[in-house]
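Here the structure is laid out as structure tokens; the discussion comes afterwards.
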Amino acid sequence: MSRKIGVIKFGGITLILSGILFLAQYLFLLPMSSPPSVDIDLMTWLKKWQFNISMADELLFFASLLLIPSIAALYKILVKAAKIKALLGCGLLAVTIPINLILDIILGRLVYPVYHIELSPDIYKLVVSLYYGGMHLVNLIFCAASISLCFAIRKSAIGKFVAYLGFTAGILDFIGAYPWLIGAVMSFVTQLFFSAWLVILGIRILGNRSEEYIIAGS
């Protein structure tokens, strides 16, 4: 029993930290303008925002890894409340981790030199398009994962407020999958809701006693 309690509490902590790091990453990306298509403008853009990109790259790595214990905790809490929805939601959330790590490598290629190899503007365009295309996919998966988890959260001791906030975050994740249509400010709003949901979910997990989870799932 103590092992289960430890996993749940640790997962609550990592959920909070992951949400904070995702928010910090978004804050570094917020002031950046859209990447230009003209070669010389793109190279100037990369040089101007090198620090922001490098910080966002580092934060994405740790925010994604912290989801691993968070998913384990969520599954332990939700599996008895709604097994299929918990399995689907946690599985989808887990899928985003390797995708984010690959995107982290891709984003790093914009700012970190490898054996002093210089990339051409065309290669940089490919790297940029791969990153934004990958983030489009991650947002869509986050949308499905959040909504699936919240159907299970409604039946658990975590509470309906967190579930409804998660539904809102999931819908906004879908909208945020199209940053080239909604603009930087609206994109940040969608990302803010997702980060806030992770933090509040973690706080709610830490605030509940282990017996509440057991009773809710019985």
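Where Lys and Arg each count +1 and Asp and Glu each count -1, what net charge lies around Ala63 among other residues with Cβ under 12 Å from its Cβ?
Net local charge, Ala63 excluded: -3.
In terms of Cα to Cα distance under 18 Å, which lysines are near enough to Lys48, apart from those fewer than 8 places away along the same chain?
In chain and number order, the partners are Lys125.
What are the extents of the Cα atoms of the stretch 76-218 along their three principal axes, in Å, largest first?
Principal extents (largest minus smallest coordinate, Cα): 59, 32, 25 Å.
Quick one: which of 45-55, 88-98, 118-128 comes out on top by average Cβ neighbours within 10 Å, and what's the full order, highest first?
88-98, 45-55, 118-128
Run the paramagnetic zone check for Met43: 7 angstrom along Cα to Cβ, then residues of the stretch 102-132 with backbone nitrogen under 16 Å.
In the stretch 102-132, the label zone of Met43 (backbone N under 16 Å from the point 7 Å along Cα→Cβ) covers 110-111, 117-126.
Each reported figure results from applying straightforward, stated rules to the coordinates on display, with no laboratory input. As the structure is a computational prediction, the values presented were derived from the model and not from experiment. All Cβ positions, even for glycine, are placed from backbone atoms using ideal geometry, and neighbour counts span all protein chains on display.
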